[in-house]
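Working notes, structure below.
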Amino acid sequence: MTPRSMLCWFAVAALGGMPVLAQTVPAPPPGQTAPGDQTPPPLEVSVTGGISAPLPIAIPAMPTNAAVATAAGSTDALGRQLADVMTADLKDSGLFNPLGPDRLKPVAYGEVTAPQFDYWGGTGAQALVQGFVKANGDGTLTVGCYLYDVSARAELARQGFVVTPADWRRAAHKCADTIYARLTGEGPYFDSRVVYVSETGPKGRRIKRLAIMDQDGANHRFLTNGQSIVLTPRFAPNQQSIVYMSFVGDRPAVYVYDVGSGRQRLVVANVSTTFAPRFSPDGRYILFSMATGGNTDIYRVSSAGGTPQRLTNAPGIDTGGSYSPDGSKIVFESDRSGGQQLYVMDADGGNQRRISFGGGRYATPVWSPRGDLIAFTRVSGNFRIGIMSPNGSGEKLLTDDWQDEGPSWSPNGRVLMFFRASQGASGKADLWSVDLTGVNLRQVPTPLDGSDPGWGPLRP
């Protein structure tokens, strides 16, 4: 094992606990109509070039029909904040060069569905996002956003949401997801959350707490108090609970944390060592590793608890299991061949076969949500994040630092979040992300040190 526990127009969805109200289209400002049914040329963003040619896109502040005070601030101020969040989302993807509100003129409410294309063309933007925010009589907000092709003077997409003021950031992420998906052809990922281990204290006595946040670091909160060490948290498919490993009285055990109530329940206890629990794609099972009788193997147990079922039985250490998206396969790491390598087996433990054959050691494998790739940590001198096909072909290393490990996939399978540990006695660790090109590398903000990120599915 490696150090640090090697570990349709109008959306009908739920934001927070409140359902989005279904409407035909976001209501245009008074006196305006939506553009006609034009067939735009294929304005697209290449997802293979990383940051080499990001698309210029203008995102002015969203106007409001009337400045109204809400629990999240005045609607005119929220219009600027919505645009700022969308600008940051698209910039962080590495595929866009956004011109944000601070570089653009204000947009009048009546211009939202009637853009001044001559002006926007002069900014150098190829795409334009305009929208609005208005307060509703029941205390909710309506946020609408429109995507335009500046050269073709055509509307490409529109999306809108009715949200509580507390969920205004989610509306911004949803709008950014619409733009990203329309222009790249990729699935969305901005409206998602990350659970991770927040760390403080000296290297030999780290305090480790579960923490949860939006993928951009906002809405951060701690879930545990740090009295017990926690490791390797992962979301359930329904995002209502988190499975993790904790040491209570120096004995490792697997727990499930209910995000809504804050309650924790014990799933597996009274074992010598456990590692890296993960839910199956259907949420029925929890996959984990357990050491018994001097041998460490992969087990699964009902998510409700019960008697674990052993899936491997080879000499040595088998750990780090991760299901394929359809639940039919499991990738794991094993030193049965004399060195730490990656293996794939059927979900019932059958047909075990090795897939990694490069130099060094391989660990922390995790299957992409798209099913086409497996991410891993490769240890050969330093620790690097890499990807390969499920049959072991096409291996590619994405990072090159002293200690990068523990990758976790974004919901669309294009970006990986991991943690990077520093050299020396501090034990400092931070969260980072990198896309499949290996070009767009960025640090993810956290209030304290962070490790073991688990990127959750797209929120409904």
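The values are calculated or read from the model by the stated rules, or taken from the named source; none is laboratory data. Just so it is clear, the structure is predicted and the values come from calculations on it, not from any experiment. Here the Cβ positions follow ideal geometry from the backbone for every residue, glycine too, while neighbour counts run over all protein chains shown. Areas reflect the complete protein model, heavy atoms only, side chains present, ligands, DNA and RNA absent. Shrake-Rupley method; radii C 1.70, N 1.55, O 1.52, S 1.80 Å.
Summing Lys, Arg as +1 and Asp, Glu as -1, what charge do residues with Cβ under 15 Å from the Cβ of GLY306 carry, GLY306 excluded?
Working: positive: ARG265, ARG284, ARG300, ARG310; negative: none.
Local charge sum for GLY306: +4.
Quote the FRET efficiency, to the nearest 0.05, computed for ARG263 versus ASN65 with a Förster distance R0 of 30 Å and r equal to the Cβ-Cβ distance. Mind dumping the intermediate values first?
On the way: r = 43 Å, r/R0 = 1.45.
After rounding, the FRET efficiency stands at 0.10.
Using the Cα centre of the chain as the reference point, and only Cβ charges (+1 on K/R, -1 on D/E), how large is the resulting charge dipole? Debye, rounded to the nearest 20.
Details: 41 positive and 39 negative charges, 229 e Å.
That gives the chain a dipole magnitude of about 1100 debye.
Could you tell me the center-to-center distance, by alpha carbons, between the stretch 331-410 and the stretch 174-236 in angstrom?
A separation of 22 Å, based on Cα centres.
Keeping every protein chain in place, order TRP402, TRP120 by accessible area at 1.4 Å, biggest value first, i.e. largest first.
On the way: TRP402 100, TRP120 0 Å².
Largest accessible area first, the residues go TRP402, TRP120.
Of the accessible area of the chain, with the probe set at 1.4 angstrom, what percent is carbon plus sulfur? Before the final figure, lay out the partial values.
Values: 8770 of 17530 Å².
Here it works out to 50 percent.
Using a 1.4 angstrom probe with every protein chain in place, what is the largest-first accessible-area order of ARG420, ARG361? If you can, show how the numbers build up before the last one.
Numbers: ARG420 35, ARG361 85 Å².
Ranking ARG420, ARG361 by accessible area, largest first, yields ARG361, ARG420.
Using a 1.4 Å probe on the protein heavy atoms only, what accessible surface does LYS105 show? Give it in Å² to the nearest 10.
Answer for LYS105: close to 60 Å² accessible.
Amide H to amide H, which residues 5 or more places from THR364 or on other chains are under 5 Å from it, using H placed in the peptide plane?
Residues meeting the criterion, in which the H sits 1.01 Å from N, are THR377.
Quick query: amide H of ALA154 versus all other amide H atoms, modeled in the peptide plane; which residues come in under 5 Å with a sequence gap of 5 or more or a different chain?
Amide H neighbours of ALA154: ASP149.
Which FRET efficiency value, to the nearest 0.05, is calculated for SER151 and VAL439 with the Förster distance at 30 angstrom and r the Cβ-Cβ distance?
On the way: r = 26 Å, r/R0 = 0.88.
So the FRET efficiency works out to roughly 0.70.
Pulled fully out, how much extra length does the chain show between ASN225 and ALA108, if you take 0.36 nm times their separation in residues and subtract their Cα-Cα distance?
On the way: separation 117, 0.36 × 117 = 42.12 nm, distance 4.78 nm.
Answer, rounded to one decimal: 37.3 nm.
Would you mind giving the average projected area, over all directions, of the Cα convex hull of the chain in nm² with one decimal? Don't jump to the answer; show the numbers that get you there.
Numbers: hull surface 90.6 nm².
Mean shadow area of the hull around the Cα atoms is 22.6 nm².
Excluding same-chain pairs closer than 8 in sequence, count the lysine pairs in the chain whose Cα atoms lie under 22 Å apart. Numbers along the way, then the final one.
On the way: LYS91/LYS105; LYS91/LYS174; LYS105/LYS134; LYS134/LYS174; LYS203/LYS428; LYS208/LYS428; LYS329/LYS396.
Value for the chain: 7.
Just the accessible area per residue of the chain, please: how many Å² with a 1.4 Å probe? Don't skip to the end; give the middle numbers.
Numbers: 17530 Å² over 460 residues.
Dividing the accessible area of the chain by its residue count gives 38 Å².
In whole Hz, what ³J(HN,Hα) sequence does the stretch 181-193 give by Karplus (6.51, -1.76, 1.60; θ = phi - 60°), x for Gly and Pro?
Result, ordered by residue: 5, 5, 8, 9, x, 8, x, x, 7, 5, 8, 8, 10 Hz.
Could you give the distance between the Cα centres of the stretch 62-121 and the stretch 311-325, to the whole Å?
Spelled out, the Cα-based centre of one part sits 49 Å from the other.
Just by accessible area at a 1.4 angstrom probe, what is the order of ARG221, ARG414 from largest to smallest?
Numbers: ARG221 100, ARG414 10 Å².
Solvent-accessible surface, decreasing: ARG221, ARG414.
Roughly how many Å² of ARG354 are accessible to a 1.4 Å probe, to the nearest 10?
80
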